[in-house]
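Asks: Before we start, here is the structure in question, set down as structure tokens.
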Amino acid sequence: MIVVAGGSGLLGRLLVGDLLAEGRQVRVLVRDPARARDLFGDAVEVVAADVRQPEEVRAAVAGAELVVSAVHGFLGGRGAGPAEVDDRGNGNLIDAAGEVGAGVVLMSVSGASPTHPVDLFRAKYAAEQHLRGAGVPWTIVRAPAYRETWLGILAATAGSGERPLIFGVGDRPIPFVSVADVAAVVVAAIDDPTARGRVIEVPGTPMTMTGLAHELQASRGWHGSVRHVPRPALRVLSVLARPVSPAFARQNRAALAMDTGVPSGRQPRPGQSRPAHGS
């Protein structure tokens, strides 16, 4: 039995589909069971659980041989952000997996670091360290930004004017990856016993945010110049919006980090893997 936490999300739903195609028995841990049942029907066991609640997590992973965490709190509001979900929530999953003798595959982010300016990256790093010290078979998969996520954001900001809104200058190459490619790497890591004890880095294809916006416009037959939110405005919003909308403040901080560039984070220890193949 493979338990997928966050199985109805962008990555999780593809991951579950790939596992089902392999004939695997899958249990999906989600906060919204109705959504998961709409996606998968009776093909999977759906369990309603909140990773922030240790008792719920323990019940959800009972009988599992492997736990895959595809959860994130990047868009979460107060009390449901990266600190609560990606750090402590993943900690609950890891501890529960250890209690039943299950291995863990943790979905993390490229550049995860204790000093990263974006809280999601710090929380993912904390979860990685928790997993390393938990005494369970583990694999960490780090991936860069998802193309589909940012194409969706650009499309939403374009509205009826067909002019996507770019947060910042938009001229810095950013590694983007297709979520389907990430799902394939995670499944390969699940199937490969030699992936245990490894950090697998999924590669991205560098493209500027402006280039991605132009690609979106070309695919939809849109015209007109793109628009920009200046970097100073991103800095102000990342601070002033925090008391009212932590998620919005977080998005502005992340956009600023992507637009200006940040340190790539901790390098793998000797014996860990940086290849981009998942095997």
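The values are calculated or read from the model by the stated rules, or taken from the named source; none is laboratory data. As the structure is a computational prediction, the values presented were derived from the model and not from experiment. Neighbour counts are summed over all protein chains in view; Cβ atoms, including those assigned to glycine, are modelled from backbone coordinates with ideal geometry.
Asks: Which ones in segment 22-55 are without any contact (Cβ under 8 Å) to a residue 12 or more places away in the chain and either crowded, with 17+ Cβ neighbours inside 10 Å or closer than 29 Å to ILE153 by Cβ (or both)?
Replies: ALA34, ARG37, ASP38
Asks: Determine which single condition ARG250 fails, assuming it passes every other condition in (1) modelled with pLDDT under 90; (2) in contact with a strand residue (DSSP E or B) (Cβ under 6 Å, 6 or more places away or on another chain).
Replies: If we test ARG250 against (1) modelled with pLDDT under 90; (2) in contact with a strand residue (DSSP E or B) (Cβ under 6 Å, 6 or more places away or on another chain), just (2) comes out false.
Let's see how each residue does on (1) of a type outside the set (Phe, Trp, Tyr); (2) assigned to a helix (DSSP H, G or I):
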residue: ALA184; (1), (2): yes, yes
residue: ALA188; (1), (2): yes, yes
residue: GLY211; (1), (2): yes, yes
residue: LEU234; (1), (2): yes, yes
residue: LEU237; (1), (2): yes, yes
residue: VAL244; (1), (2): yes, no
residue: PHE248; (1), (2): no, yes
residue: ARG253; (1), (2): yes, yes
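Asks: I need the full set of residues from segment 192-237 which are loosely packed, with under 13 Cβ neighbours inside 10 Å and either of a type outside the set (Val, Ile, Thr) or in contact with a strand residue (DSSP E or B) (Cβ under 9 Å, 6 or more places away or on another chain) (or both), in order please.
Replies: PRO193, PRO206, ALA218, SER219, ARG220, GLY221, HIS223, GLY224, SER225, PRO230, PRO232
Residue-wise test of (1) closer than 25 Å to TRP150 by Cβ; (2) modelled with pLDDT under 95.
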{"position": "GLY6", "(1), (2)": "yes, yes"}
{"position": "VAL26", "(1), (2)": "no, no"}
{"position": "VAL30", "(1), (2)": "yes, yes"}
{"position": "ALA34", "(1), (2)": "no, yes"}
{"position": "VAL44", "(1), (2)": "no, yes"}
{"position": "ASP50", "(1), (2)": "no, yes"}
{"position": "VAL71", "(1), (2)": "yes, yes"}
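Asks: A further question follows. Looking only at segment 1-9, decide whether some residue is surrounded by fewer than 24 Cβ atoms within 10 Å (Cβ to Cβ), part of a helix (DSSP H, G or I) and in contact with an Asp or Glu (Cβ under 9 Å, 6 or more places away or on another chain).
Replies: no
Asks: Kindly provide the set of residues from segment 120-166 that are under 22 Å from ARG253 (Cα atoms), in a strand (DSSP E or B) and under 20 Å from the mean Cα position of the chain (by Cα), ordered by number.
Replies: Answer for segment 120-166, where residues must be under 22 Å from ARG253 (Cα atoms), in a strand (DSSP E or B) and under 20 Å from the mean Cα position of the chain (by Cα): ARG142, ALA143, ALA145, TYR146.
Asks: Next question. Collect the residues in segment 154-177 that are crowded, with 16+ Cβ neighbours inside 10 Å and among the small types (Gly, Ala, Ser), keeping them in residue-number order.
Replies: Within segment 154-177, ALA155, ALA158, GLY168, GLY170 qualify.
Asks: Please state which one of GLY111, GLY77, GLY63 is surrounded by fewer than 17 Cβ atoms within 10 Å (Cβ to Cβ) and either assigned to a strand (DSSP E or B) or under 20 Å from the mean Cα position of the chain (by Cα) (or both).
Replies: GLY77
Asks: Another question, then. For THR194, are the conditions met, namely being of a type in the set (S, T, N, Q) and under 22 Å from the mean Cα position of the chain (by Cα)?
Replies: Criteria not met by THR194.
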